[in-house]
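Enquirer: Take this structure first; my questions come after.
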Amino acid sequence: MKNQRSFSISFGEKVTIKVYSLTETGYRGYMAKVRLHSIDALEMVLAGNKGETTREAAKRTNAVLAINAGGALIHITGQC
């Protein structure tokens with residue numbers, strides 16, 4: 001990787017999240033390392049409607065980190 005920056009933030013005693021900014025030729029993205037100190041810190045939510053984005057779902061639920069896992073559901077069920 002050409003460039004990697006990171007920052008870490010703790011949310012009380014429940015969770016610590018470290019986010020890495022990744023930059024490679026032709027690619028830019030983020031990776032998160034999550035350390036749960038309490039299972040209460042994790043919640044899975046589904047889209048409120050078919051067109052809701054990950055960002056919109058995060059705002060709706062006041063999430064501090066949101067990950068799109070819709071492709072996994074399609075793979076398991078075979079449905080879109």
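Enquirer: Can you give the FRET efficiency to the nearest 0.05 for Ile39 and Arg5, using r as the Cβ-Cβ distance and R₀ = 30 Å?
Expert: 0.50
Enquirer: On to the next question. Based on the Cβ-Cβ distance from Glu52 to Thr23, what FRET efficiency comes out when R0 is 35 Å, to the nearest 0.05? Can you show the working numbers first?
Expert: Working: r = 29 Å, r/R0 = 0.83.
After rounding, the FRET efficiency stands at 0.75.
Any read-out appearing in this document is the output of simple, stated calculations on the displayed coordinates, not a laboratory observation. The structure presented is a predicted model; accordingly, all values stated were derived computationally and were not measured. Here the Cβ is made from the backbone with ideal geometry for all residues, glycine too, and neighbour counts use every protein chain on show.
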